[in-house]
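First the structure, in the form of structure tokens, and then the observations on it.
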Amino acid sequence: MHLGPARRIVALWIAGACLSLGACASGPLAPYSTDTPPLMLAPAAQAGVADGRGRFREIYCAVLEAHGHELPDYRPCDEALTRVGDEPASQGRAVDLGPSSRHLVALLVPGIGWDCVEDWLEAPGSAANHVAHFGYELSQIHVDALSGTPHNARQIRDALLALPEPEGAPRLVLVGYSKGTPDILEAVVSYPEIRSRIAAVVSIAGAVGGSPIADDSKQSEADLMRHFPGSTCTPGDGKGVASLGTATRRAWLAANPLPADLHYYSLATFPQPDRISRVLKSSYRKLAAIDARNDGQLLFYDQLIPGSRLMGYLNSDHWAVVLPIDRSHEKIGKLFVTQNAYPREALLEAVLRFVEEDLAGKTD
């Protein structure tokens, strides 16, 4: 069936809105259930999370001012990060913006539905090009767009073992976005043979504790993404949405302590309400019935890896932090993805510089 330009845009918006998990669903987001481990909401420090926000802000601000003006979607540092609670002060130390000494290699594991929209998105690869100037690399690990985390964890394992054996200290930094984070966590728990190859695990807007709106969503909503223009994704094992449920993720965390020999880092999205794109407003309001501190897909406290180092809170909705939709689809950006601009290239550089410094024991 051929769609005219206007109808094509509307069809894409409807599919995208429904895939914003829960946007087309109804009923309570957190229904009554006894299928849960005992839970409590406690300060992050009591979950073993170390607060590295002061130094990360210092690094991110330095990167933005040194390089951000030449990159797309520049924002001043105070607009790129959200101050939450009693953020530690910056350390007042110089930031090395020269070439990397460790030459870290970031391997991105994307979120649900990525394969379905990747060709349509036409991502420019500007983040990889930018960090390459400083001796870093960025590439992607292919995982099923619509499969569950155990299936994708196996794909991560296979991808890492297919790489050459590392010489010297490991340089691979696994970067999980959204569902990519639990995919990675399941991989490092289930497959100890890959751990010696990994320098660090970084979560960006990661669905660590799942999402309440996934509890009231169906896989059929995610399957809408198979109808995006140019989509080649398959149904997979049909467990992608179920694996994002809060009961599923929290039960998994309770039963699977993370390996202590790896370094973990967390970046959460905590946008100001006016930074939520129009297409995510519906799911934002649904989540706001529980807590208004959400990015349109995840609550801010469900995004931290236990025992990780907290780098910061990003003033970005769930899509803007990774998906450059408005750069290749200007009309959709103006109509629906209205808050999509974010300095992603500078963010990636800051993340890799922070991780490299921390691995060398220089952040404290």
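The values are calculated or read from the model by the stated rules, or taken from the named source; none is laboratory data. Values in this document were obtained by computation on a predicted structure and should not be read as measured data. For neighbour counting, all protein chains shown are included, and Cβ atoms are generated from backbone atoms with ideal geometry for every residue, glycine included.
Please specify each residue of the stretch 259-302 satisfying the condition of being closer than 19 Å to PRO43 by Cα, touching a residue at least 40 places away in the same chain (Cβ under 8 Å) and of a type in the set (A, V, I, L, M).
Of the stretch 259-302, the ones closer than 19 Å to PRO43 by Cα are 264-270, 290-294, 298-302.
Checking the rest, the ones that are also touching a residue at least 40 places away in the same chain (Cβ under 8 Å) come to 264-270, 290, 298-302.
Within the stretch 259-302, LEU267, ALA268, ILE290, LEU298, LEU299 meet the criteria.
Among the candidates GLY176, GLY148, GLY209, GLY245, which residue alone is under 30 Å from ALA289 (Cα atoms), small (Gly, Ala, Ser) and touching a strand residue (DSSP E or B) at 6+ places or on another chain (Cβ under 7 Å)?
Residue meeting the stated conditions: GLY176.
Can you find, within the stretch 347-364, the residue that is nearest to the chain's Cα centre (by Cα) among those that are at negative phi and outside any helix (DSSP H, G or I)?
Here the answer is THR363.
In the stretch 122-173, how many residues are closer than 17 Å to LEU262 by Cβ and of a type in the set (Lys, Arg)?
Going through the stretch 122-173 one residue at a time, the tally reaches 2.
So, in the stretch 62-80, exactly how many residues are touching a helix residue (DSSP H, G or I) at 6+ places or on another chain (Cβ under 9 Å) and without any contact (Cβ under 8 Å) to a residue 24 or more places away in the chain?
Number of matching residues: 4.
Just give me the residues in the stretch 170-196 being in contact with an Asp or Glu (Cβ under 8 Å, 6 or more places away or on another chain) and part of a helix (DSSP H, G or I), in sequence order.
ARG195
Looking at the stretch 143-169, which of the residues that are of a type outside the set (A, V, I, L, M) and assigned to a helix (DSSP H, G or I) is surrounded by the fewest Cβ atoms within 10 Å (Cβ to Cβ)?
Step one: of the stretch 143-169, the residues of a type outside the set (A, V, I, L, M) are 144, 147-152, 154-155, 157-158, 164-168.
Subset that is assigned to a helix (DSSP H, G or I): 149-152, 154-155, 157-158.
On the way: THR149: 28, PRO150: 16, HIS151: 19, ASN152: 30, ARG154: 18, GLN155: 17, ARG157: 18, ASP158: 14.
Here the answer is ASP158.
Filter the stretch 204-229 for residues that are in a loop (DSSP other than H, G, I, E, B) and under 19 Å from LEU185 (Cα atoms) and give the result.
So the first thing to find is which residues in the stretch 204-229 are in a loop (DSSP other than H, G, I, E, B), and the list is 205-211, 217-218, 228-229.
Matches in the stretch 204-229: ALA205, GLY206, ALA207, VAL208, GLY209, GLY210, SER211.
Here are some residues: SER203, SER220. Which one is among the polar types (S, T, N, Q), under 24 Å from GLY296 (Cα atoms) and either in contact with an Asp or Glu (Cβ under 8 Å, 6 or more places away or on another chain) or surrounded by fewer than 17 Cβ atoms within 10 Å (Cβ to Cβ) (or both)?
None of the others qualify; the one that does is SER220.
Output the residues belonging to the stretch 121-142 that are part of a helix (DSSP H, G or I), in contact with a helix residue (DSSP H, G or I) (Cβ under 9 Å, 6 or more places away or on another chain) and either among the aliphatic types (A, V, I, L, M) or closer than 12 Å to PRO324 by Cβ (or both). Lay out the reasoning, then the answer.
Here is the first cut: in the stretch 121-142, the ones part of a helix (DSSP H, G or I) are 121, 126-132.
Applying the additional criterion that residues be in contact with a helix residue (DSSP H, G or I) (Cβ under 9 Å, 6 or more places away or on another chain) yields 121, 126-131.
LEU121, SER126, ALA127, ALA128, VAL131 - these are the residues of the stretch 121-142 that are part of a helix (DSSP H, G or I), in contact with a helix residue (DSSP H, G or I) (Cβ under 9 Å, 6 or more places away or on another chain) and either among the aliphatic types (A, V, I, L, M) or closer than 12 Å to PRO324 by Cβ (or both).
Take residues that are surrounded by fewer than 18 Cβ atoms within 10 Å (Cβ to Cβ) and not hydrophobic (A, V, I, L, M, F, W, C) and tell me which of the helices (runs of 4 or more DSSP H) falling wholly in the stretch 230-346 contain 1 or more. Show your work before the answer.
On the way: elements: 246-255, 281-288, 325-328, 330-335.
Per the criteria, 281-288, 325-328, 330-335.
What do you reckon, is ILE112 assigned to a helix (DSSP H, G or I) and touching a Leu at 6+ places or on another chain (Cβ under 8 Å)? So that I can check it myself, show each step before the final result.
On the way: assigned to a helix (DSSP H, G or I): no; touching a Leu at 6+ places or on another chain (Cβ under 8 Å): yes.
No; evaluated as a whole, the condition is false for this residue.
Anything in the stretch 84-121 that is basic (Lys, Arg) and either in contact (Cβ under 8 Å) with a residue 40 or more places away in the chain or surrounded by 14 or more Cβ atoms within 10 Å (Cβ to Cβ) (or both)? List them, or say none.
The answer is ARG102, and nothing else.
What number goes with the only condition from (1) modelled with pLDDT under 95; (2) buried (at least 21 other Cβ atoms within 10 Å of the Cβ) that VAL355 does not pass?
Unmet condition: (1).
In the stretch 178-200, which residues are under 22 Å from ILE112 (Cβ atoms) and crowded, with 24+ Cβ neighbours inside 10 Å?
SER178, LYS179, GLY180, THR181, PRO182, ASP183, ILE184, LEU185, ALA187
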